[in-house]
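S.K.: Starting off with a structure, shown below.
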Amino acid sequence: MITKEKIERICFEEILGLWESLPNSFPDFLTEVGELKKRQNEAEIEEIAGQWKVKAKAFPKKESEQLAWKQEMDGMLAEFFAKEQLLGIRSHMSEETFQAFQEETKRFVRKVRSFDPELTMENIWQALRNYFIYAVIADLQGQKQACKETVFCYSLLYPYTDNYIDEKRHTRQQKEAYNCLISNVLHDVPVTPKGSVEEKTCKLLHGLVDSYAGEKKKEIQNLLLWMLEAQNNSIRQQEHEPEQTNGGEQANGVRLEHEPEQANGAEVTREEILRISAYKGSLSVLIDYFFTIPELREEEVRFYMKFGFFLQLADDLQDRAEDQKNGFQTLMVFCKNHGGLEKGVNRLLHYVHTVFEEFTPVNDKLKYFMLEHCYSLVIGAAMTDSGDFSGKYLERLEQFFPVHMEYMQKQRKVPGKNEKQVQQFWDKYGELLLS
């Protein structure tokens, strides 16, 4: 059984030690995407987008005609995945694995809709992103794709827990009370949930924990309690003037053991942000790894925890504008405010490169596919809000991205999920797809 001491040692010594040891110079290991290839990728996107746009406008109002329309859409989607070169999914994934991934993803979304019919498409997508992390880990481990009850419950927890903690209208006391509820469930203490969010949170937690017995149940309870601590610590990143408590004990009884002393009104330091990010990010992915095999393996524990820290920072890079607007103090906001964002992006690329190069998964074929997409994730997130970087730096990054920066930014201006008509279309297609 993995111990908290080992978790702390990996987070605060190995992960942060590696992060601080890496250079912040522009990386020399990226693969350049030529001008012709960029234009081919853009043409491919335009072709499929045009086909889907035409098909969306032809959506039949009669239910008797909608099934045939859905089948045509399915055929277009299958043809796209069979021919596409931009993502390269089929070149790194067998037909059997790809079909299993599709079916298990559909199964996951069906279960989500059954669990909470009122959940928005945006929240469903948030749950899916978490499920995809597990699916990728399972593939790396050479395991069959399977939407297990444990994976379903853990992935769907995020739209409730993360969104509640990040919601600015909730006070610190409300957030602590919510976390206290979670802590009590994980300690097998009877609770009385209030409201829909608390009821669904408790149901998911019970569905996850009660899937195990004996030592394995204790192990998942421990991991989830440490994750709760990590989420509780991250509340400090949202407040410039956190409330003071006595002896490190919060009002809800959850002790924040990694919360350093902080003067009222002071910003969270870079070192504190790194510790919070390492603890939260690494635990999140470690739990996904827990679901894939019967017994955790030393080398794999370290890799997935390191990978979790990368995903946390990559997510912070993507959300830096919104986080700064809301007053959230993430590492990327800190770098931006202190003139070091370009160096932060460089180091993040060096970090993920080093982490993957040092690890050999069971399914080694998927390793470099994932690594290339991690590079694109970071570069794309940097180019999204280009005003944060110098023109010269962006020109260098653009050389290694599959499309031109101008094209990518143009696509962001196309009406998307917030347009009512588009939202209705995707909702209806989702219903047909999963029927």
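S.K.: Which of the numbered conditions does Gly207 fail, given that it passes all the others? Conditions: (1) under 24 Å from Ser234 (Cβ atoms); (2) crowded, with 17+ Cβ neighbours inside 10 Å.
M.R.: (1)
S.K.: A further question follows. If you check every pair at least six apart or on different chains, which have Cβ atoms under 9 Å apart with a residue in segment 163-178 that is closer than 23 Å to Gln126 by Cα first and a residue that is of a type in the set (Phe, Trp, Tyr) and open to solvent by less than 30 Å² (accessible area, probe 1.4 Å) second?
M.R.: Tyr164/Tyr178; Ile165/Tyr178; Asp166/Phe328; His170/Tyr178
S.K.: Could you please let me know if Lys280 is in contact with a helix residue (DSSP H, G or I) (Cβ under 7 Å, 6 or more places away or on another chain), within 22 Å of Leu228 (Cα to Cα) and either surrounded by fewer than 23 Cβ atoms within 10 Å (Cβ to Cβ) or at pLDDT 95 or above (or both)?
M.R.: Details: in contact with a helix residue (DSSP H, G or I) (Cβ under 7 Å, 6 or more places away or on another chain): yes; within 22 Å of Leu228 (Cα to Cα): yes; either surrounded by fewer than 23 Cβ atoms within 10 Å (Cβ to Cβ) or at pLDDT 95 or above (or both): yes.
Here the answer is yes, as Lys280 does meet what is asked.
S.K.: Quick check on my filter: what residues within segment 123-154 are in a loop (DSSP other than H, G, I, E, B), open to solvent by less than 10 Å² (accessible area, probe 1.4 Å) and either touching a Pro at 6+ places or on another chain (Cβ under 9 Å) or among the charged types (D, E, K, R) (or both)?
M.R.: Applying the first criterion (in a loop (DSSP other than H, G, I, E, B)) to segment 123-154 yields 141-148.
From what is left, the residues that are open to solvent by less than 10 Å² (accessible area, probe 1.4 Å) are 141, 147.
Answer for segment 123-154, where residues must be in a loop (DSSP other than H, G, I, E, B), open to solvent by less than 10 Å² (accessible area, probe 1.4 Å) and either touching a Pro at 6+ places or on another chain (Cβ under 9 Å) or among the charged types (D, E, K, R) (or both): just Gln141.
S.K.: Another one. Yes or no: Val109 within 26 Å of Tyr212 (Cβ to Cβ), part of a helix (DSSP H, G or I), open to solvent by less than 30 Å² (accessible area, probe 1.4 Å) and at pLDDT below 90? Working first, answer last.
M.R.: On the way: within 26 Å of Tyr212 (Cβ to Cβ): yes; part of a helix (DSSP H, G or I): yes; open to solvent by less than 30 Å² (accessible area, probe 1.4 Å): yes; at pLDDT below 90: yes.
Taking the combined requirement at face value, the residue satisfies it.
S.K.: Same structure again: What is the residue count in segment 331-340 for residues that are open to solvent by less than 10 Å² (accessible area, probe 1.4 Å) and touching a residue at least 24 places away in the same chain (Cβ under 8 Å)?
M.R.: 1
S.K.: Scanning segment 155-179 for residues that are charged (D, E, K, R) and not in a helix (DSSP H, G or I), which turns out surrounded by the fewest Cβ atoms within 10 Å (Cβ to Cβ)?
M.R.: Taking segment 155-179 as the starting set, the residues that turn out to be charged (D, E, K, R) are 162, 166-169, 172, 175-176.
Subset that is not in a helix (DSSP H, G or I): 167-169.
Working: Glu167: 11, Lys168: 9, Arg169: 5.
Among them, the one singled out is Arg169.
S.K.: Restricting attention to segment 267-301, which residues are in a loop (DSSP other than H, G, I, E, B) and free of Cβ contacts under 8 Å to residues at least 24 places away in the same chain? First the steps, then the outcome.
M.R.: To start, the set of residues in segment 267-301 that are in a loop (DSSP other than H, G, I, E, B) comprises 267-269, 291-297.
Matches in segment 267-301: Thr269, Pro294, Glu295, Arg297.
S.K.: Out of Leu311, Leu317, which single residue is surrounded by 21 or more Cβ atoms within 10 Å (Cβ to Cβ) and not polar (S, T, N, Q)? Quick ask: steps written out before the conclusion?
M.R.: Working: Leu311 fails: surrounded by 21 or more Cβ atoms within 10 Å (Cβ to Cβ).
Testing whether each residue is surrounded by 21 or more Cβ atoms within 10 Å (Cβ to Cβ) and not polar (S, T, N, Q) leaves just Leu317.
S.K.: Of the conditions (1) buried (at least 18 other Cβ atoms within 10 Å of the Cβ); (2) under 24 Å from Lys4 (Cβ atoms), Leu225 clears all except one; give me its number.
M.R.: (1)
S.K.: Another question about this same structure. Report, by residue number, each residue of segment 1-60 that is within 26 Å of Tyr279 (Cβ to Cβ) and polar (S, T, N, Q). Steps first, answer last, please.
M.R.: Initially, segment 1-60 is screened for residues within 26 Å of Tyr279 (Cβ to Cβ), giving 1-24.
Residues satisfying the conditions are Thr3, Ser21, Asn24.
S.K.: Okay, next question. On the basis of being at pLDDT 65 or above, over 28 Å from Thr292 (Cα atoms), among the hydrophobic types (A, V, I, L, M, F, W, C) and open to solvent by 30 Å² or more (accessible area, probe 1.4 Å), does Met405 make the cut? It would help to see each step written out before you state the result.
M.R.: On the way: at pLDDT 65 or above: yes; over 28 Å from Thr292 (Cα atoms): yes; among the hydrophobic types (A, V, I, L, M, F, W, C): yes; open to solvent by 30 Å² or more (accessible area, probe 1.4 Å): yes.
It is true that Met405 is at pLDDT 65 or above, over 28 Å from Thr292 (Cα atoms), among the hydrophobic types (A, V, I, L, M, F, W, C) and open to solvent by 30 Å² or more (accessible area, probe 1.4 Å).
S.K.: Within segment 216-239, count every residue that is under 19 Å from Val333 (Cβ atoms) and among the β-branched types (Val, Ile, Thr).
M.R.: Looking only at segment 216-239, we keep the residues that are under 19 Å from Val333 (Cβ atoms), and these are 230-231, 233-239.
Now narrow it down to the ones that are among the β-branched types (Val, Ile, Thr): 235.
The number of residues fulfilling the criteria is 1.
S.K.: Against the definition (out of contact with any His (no Cβ under 8 Å at 6 or more places or on another chain), farther than 26 Å from Arg297 by Cα, open to solvent by 20 Å² or more (accessible area, probe 1.4 Å) and not acidic (Asp, Glu)), how does Leu377 come out, yes or no? Steps first, please.
M.R.: Values: out of contact with any His (no Cβ under 8 Å at 6 or more places or on another chain): yes; farther than 26 Å from Arg297 by Cα: yes; open to solvent by 20 Å² or more (accessible area, probe 1.4 Å): yes; not acidic (Asp, Glu): yes.
For Leu377, the condition - out of contact with any His (no Cβ under 8 Å at 6 or more places or on another chain), farther than 26 Å from Arg297 by Cα, open to solvent by 20 Å² or more (accessible area, probe 1.4 Å) and not acidic (Asp, Glu) - is met.
S.K.: Here's something else I'd like to know. Restricting attention to helices (runs of 4 or more DSSP H) lying wholly within segment 1-106, give those where 3 or more residues are open to solvent by 60 Å² or more (accessible area, probe 1.4 Å) and at pLDDT 80 or above. Before you say what the answer is, go through the steps one by one.
M.R.: Working: elements: 4-9, 16-21, 35-57, 63-83, 89-92.
Answer list for segment 1-106: 35-57, 63-83.
The values are calculated or read from the model by the stated rules, or taken from the named source; none is laboratory data. Bear in mind the structure is a predicted one, so any value in this text is a computation, not a measurement. Quick reminder, even Gly has a Cβ in these numbers, built from the backbone with ideal geometry, and neighbours come from all protein chains shown. Note: accessible area is taken over every heavy atom of the protein model, side chains too, but ligands, DNA and RNA are not part of it. Shrake-Rupley method; radii C 1.70, N 1.55, O 1.52, S 1.80 Å.
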